[in-house]
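Coordinate-derived values only; no laboratory data. Because the structure is a prediction, the values reported are computed rather than measured. Cβ placement follows ideal geometry from the backbone for every residue including glycine, while neighbour counts extend to all protein chains displayed.
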Amino acid sequence: MEEQQIQEFVHRAVMDQAIRSEIALDPAGVIGRADLSPRVVDILIRLAPYLAFDRPLDADEKWWHA
Amino acid sequence: MAVVADLEIARRALCERLFGHLDGLHPALREDVAEALSMEGKLLHRPASSLDGRWALLPFYLARDLRAPIEPDPACDAALAMECVVCATDLLDDVMDDDRTPLVERFGAARVLNTALALVSLAQRMLLALLDLDCPAVLSTRLLDAVQRAILLASVGQQRDLLAERRPACDLNREECIEIAAAKAGSLLSLACQMGALCAGLETTRVDQCAELGRLLGIAAQLDNDAHDLYHLLRPATQAGRGQKSDLARAKKTLPVVLAAHTLRATHALDAACIDFRHVTTRVDKERETYANALKEGIFATWGIALLYRERAREHLDLLMGARPASPALCRVLGLETALAKIED
C-alpha cells in the first residue's frame, strides 16, 4: 500500500545517516532504486531535501506549495 | 492575475448576497454572526486575500465548471450555506479545543456557541429559501440532506478524536487516524463538492464522484494540518502559535503522534503506556532527542501521506472533469494548481 511505502522509506531515512547522505547526493537514484509506485517516488523526491539535509519546514509552508 | 480578479468578482457577488441574508437576522444576533464571518479566511474578511471565503467559492466554482451556465442565485445560496456551516464548525472546534481565538477572547465561549448555532440555522434557512426561487424542491431537499449527513459525520469524527485523547497513542493505527481525518475535514470538503455537483444538476453517480474528490482533499488537508501543528511545537517558543494549544498539549492522537509512538515502541522498546509526548520540549538530552526524532519521522511520514491523498484527489478531479480541464480558479480554490497555472498567474 502506498501509505506504507512512504512510512517505511521515511523511517529508514530518519534512522540511517548513510541513507540520508545518499539521498543528499542522488535523491532520484536512491528513491528510484526502491520498489515504489511512481506516485510515491514523486512524493518522496519532494520530501528528499527535508529528509536529507534536515532542512526545516518553513512555518508558513503548506502542502499546496510543495 | 486573471485568477485573482476572477475570484474577487465571485467573492463580491457572494458577499453582496450574504449581506442580504444577514439583514434578515435579529440585530442582537447580526453583529456576532457578521463578525464570525469576517474572521481570517472567511468570506467577509477584510482586507480580502485571494482565498478568503474558500468554502463558499469551492461549490460555486465547481458548479460552474461542471455545467455552465448555472443558475447563479441558487448556486450562490448553496455556496453561502456552505460558508455558514464551516464557520459554525470552526467556532465549535475553537471552544472544544479551548483555543483563545480573537473571537473567543472578545465574545466569550457562550456567545461563540450561540453564534455557531445561529450559523447552522442560517445555512438551513438559505437552502429552504431556494423554494422561493422556483428551484425544484428536490434540489433544496438534497442539499439539506447532504448538509445534515455531513454535520453528523463531522460530529462522529470529532467524537472519535475526543475519545482517542484518553487512549494510548500506540492503541491507534494509521488506518484509524485516516478514518478520523476523513470524518472530520473530509466530510466538510466532501459536502462542499456535493453541493457544487447538486447545483450543477448532476445525477447521483457524478455527485458521489464529487463527494469522493472532497473526501480525498479533506484527508490531505487534515493530515497536512496535523503535521504542521506538531512542527510548530518543535520550534522555539517565541515562534509557537499564540494563544493556541498544540495537538500534543491536548493529547490529540493525530497521525504523526501515533506514528511516532509506534516508532518509539518498536525501535526503542519503550513501554506503550509510558509514551507521552506532551512534555517533549522539557525532556532532557538523549530522551529528548529520541522523542524528537520519532516525532520528526511522524511529521514527515504524515506530510508524505498528505501529499499522496492530494495527488489522488488531483487524479480524481481529472477523471471527473473529463476532456474539459478544471478552471484555474477552481484549481486555485481546491489547492490543486499546476505549476504552469501559477506562473501564468
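Quick one: among B:198, B:172, B:80, which has the greatest mean-square fluctuation in a GNM of chain B with alpha-carbon springs under 10 angstrom?
B:172
For chain B, what does the helix formula give at 222 nm: sum of -39500 (n - 2.57) over DSSP H segments with n ≥ 4, over the residue count, nearest 500 deg cm²/dmol? Walk me through the numbers before you get to the answer.
Working: 13 runs with 241 residues, N = 345.
Helices in chain B give a 222 nm mean residue ellipticity of -24000 deg cm²/dmol.
Based on the alpha-carbon gyration tensor of segment B:72-199 and its eigenvalue square roots a ≥ b ≥ c, which shape applies: rounded if a/c is under 1.5, prolate if not and a/b is larger than b/c, or oblate? Working shown, then result.
On the way: a/c = 3.08, a/b = 1.48, b/c = 2.08.
The shape class here is oblate.
Taking a quarter of the surface of the Cα convex hull of chain B, what do you get in nm²? Each step should come with its number before you reach the end.
On the way: hull surface 72.6 nm².
Over every viewing direction, the Cα hull of chain B projects on average to 18.1 nm².
Given the convex hull of the Cα atoms of the protein assembly as shown, what is a quarter of its surface area in nm²? Please report the intermediate quantities before stating the final value.
Working: hull surface 82.5 nm².
That works out to 20.6 nm².
Would you tell me the mean number of C-beta atoms belonging to other protein chains that fall within 10 Å of each C-beta in B:295-302, as a whole number?
Mean number of neighbouring Cβ atoms from other chains: 6.
Would you kindly give the portion of the calculated P(r) for segment B:90-163 that falls above 19 Å, as a percent of all Cα pairs?
When all Cα pairs of segment B:90-163 are counted, 49 percent exceed 19 Å.
Convex hull volume of the Cα atoms in segment B:52-140, per residue, in Å³? Don't jump to the answer; show the numbers that get you there.
Details: hull volume 9.1 nm³, N = 89.
Looking at segment B:52-140, the number lands at 103 Å³ per residue.
Please find, in a Gaussian network model of chain B (springs between Cα atoms separated by less than 10 Å), the residue of B:218, B:304, B:322 whose mean-square fluctuation is greatest.
Maximum among the listed residues: B:322.
Using a 10 angstrom cutoff on alpha carbons, build the Gaussian network for chain B and name the most mobile of B:328, B:27, B:168.
B:27
Provide a whole-number value for the mean count of partner chain Cβ atoms within 10 Å of the Cβ atoms in peptide B:306-319.
Values: counts 5, 11, 9, 3, 4, 5, 2, 0, 0, 1, 0, 0, 0, 0.
For this peptide, the per-residue mean of nearby foreign Cβ atoms is 3.
Taking each residue of A:7-16 in turn, how many C-beta atoms of other protein chains fall within 10 Å of its C-beta, and what is the average? The partial results should precede the final answer.
Values: counts 12, 1, 3, 12, 10, 1, 3, 10, 4, 0.
The per-residue average across the peptide is 6.
Based on the mean of other Cβ atoms within 10 Å per residue, sort peptides B:186-193, B:5-12, A:41-48 so the most packed one is first. The partial results should precede the final answer.
Numbers: B:186-193: 28.4, B:5-12: 16.1, A:41-48: 19.2.
Descending mean neighbour count gives B:186-193, A:41-48, B:5-12.
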